[in-house]
Amino acid sequence: MVFDIDGTLLDSNYHHTIAWQRAFAAYVDAHVPTRDIHRCLGMGGDRLVAAAAGDDVEAAHGDDIRARWEQEYDEIIEETTLFEAARELLAAIGAAGPEVVLASSSIPKHAEHPLRLLHAGEHADAWTTSEDAGESKPDPELIEEALKKVRGSRAVMVGDAVWDVEAASRADLPTIGLLTGGYSRQELLEAGAVAVYDDPADLLAHLDEALAAADGTAP
């Protein structure tokens, strides 16, 4: 199973939203609404500036805004924490047999925090960071690179954003969605998720059902 981290296992989407909002405010005269920023979370930072604020802002200030976002998120990353049962979910999947890959698109220094909280060395077979792919979500490259790190030809994605679902679909993977990132159940289903659960604890409680949905064998 391939897991997104931010917003899926780590309660960090709104921290990222605030960090991006502060970064935009440092360089853009017009207010960039936090709602617009949040709707772009899950895609790569190389795409987010233009998606949230327009191509002109990207052309004029994109790299500066990304650098400022990194600085702002550095200040609050330690405030982020795992969702309930995130670690237990990984352990249960590993005990059942499937390999676990953490497909983080974070920069390496930001990935260190959730990997440490998740006890990744114990509960995951492999993981990625932004350095593992040249293209960011919704491009499927990061997921494809994650799959190269483990055995097997079949996999399931678990993510919180429509961008996770789109990237997985482009890699021919079914996606189980979680509501933890702030996207609605309907949005995730319309994007193509095969099933949607509230959070890692809810997925853990319905794991057999969720895997059957991903495998196409659910009644």
Built amide H within the under 5 Å cut-off of residue 195, gap 5+
177
What does the net charge come to around residue 95 if you take all other residues with beta carbon closer than 15 Å to its beta carbon, with K and R at +1 and D and E at -1?
-4
Phi angles of region 42-59, converted by Karplus (6.51 cos²θ - 1.76 cosθ + 1.60, θ = phi - 60°) into ³J(HN,Hα) in whole Hz with x for Gly and Pro, give x, 8, x, x, 5, 9, 5, 4, 5, 5, 8, 10, x, 5, 5, 5, 4, 5
Quick one: with all protein chains in place, what share of the accessible area of the chain is carbon or sulfur, to the nearest percent (1.4 Å probe)?
46 percent
For residue 43, what accessible area in Å² do you get when you roll a 1.4 Å probe over the heavy atoms of the protein chains, rounding to the nearest 10?
30 Å²
With every protein chain left in place, what is the accessible area per residue of the chain in square angstrom, probe 1.4 Å?
45 Å²
Sequence of 78, 99, 209, 131 from largest to smallest accessible area, 1.4 Å probe:
131, 78, 209, 99
Most fluctuating residue given options 122, 88, 166, as computed from a GNM of the chain linking Cα atoms under 10 Å
122
Using alpha carbon centroids, what distance separates region 51-73 and region 76-140, in Å?
25 Å
Between residue 27 and residue 117, how high is the FRET efficiency from 1/(1 + (r/R0)^6) when r is the Cβ-Cβ distance and R₀ = 45 Å? Nearest 0.05.
0.90
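So, with +1 on the Cβ of K and R and -1 on the Cβ of D and E, and no other charges, what is the size of the charge dipole of the chain about its Cα centre, to the nearest 20 debye? Provide the component values of the computation, followed by the final result.
Details: 16 positive and 42 negative charges, 55 e Å.
The dipole magnitude comes to about 260 debye.
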Which values, in whole Å and largest first, are the semi-axes of the equivalent ellipsoid of the chain obtained as the square root of 5 times each eigenvalue of the Cα gyration tensor?
29, 18, 16
Amide H neighbours of residue 107 under 5 Å, counting only residues 5+ apart in sequence or on other chains, H built in-plane at 1.01 Å?
130
Quick query: amide H of residue 82 versus all other amide H atoms, modeled in the peptide plane; which residues come in under 5 Å with a sequence gap of 5 or more or a different chain?
11
Report, in deg cm²/dmol and to the nearest 500, the calculated mean residue ellipticity at 222 nm for the chain, where each DSSP H run with n ≥ 4 adds -39500 (n - 2.57) and the sum is divided by the residue count.
-15500 deg cm²/dmol
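The values are calculated or read from the model by the stated rules, or taken from the named source; none is laboratory data. The model shown is predicted, which means the values in this text are computed figures rather than measured ones. Virtual Cβ from ideal backbone geometry, glycine too; neighbours counted across all protein chains shown. Heads up: the accessible areas ignore ligands, DNA and RNA and are worked out on the full protein's heavy atoms, side chains in. Shrake-Rupley method; radii C 1.70, N 1.55, O 1.52, S 1.80 Å.
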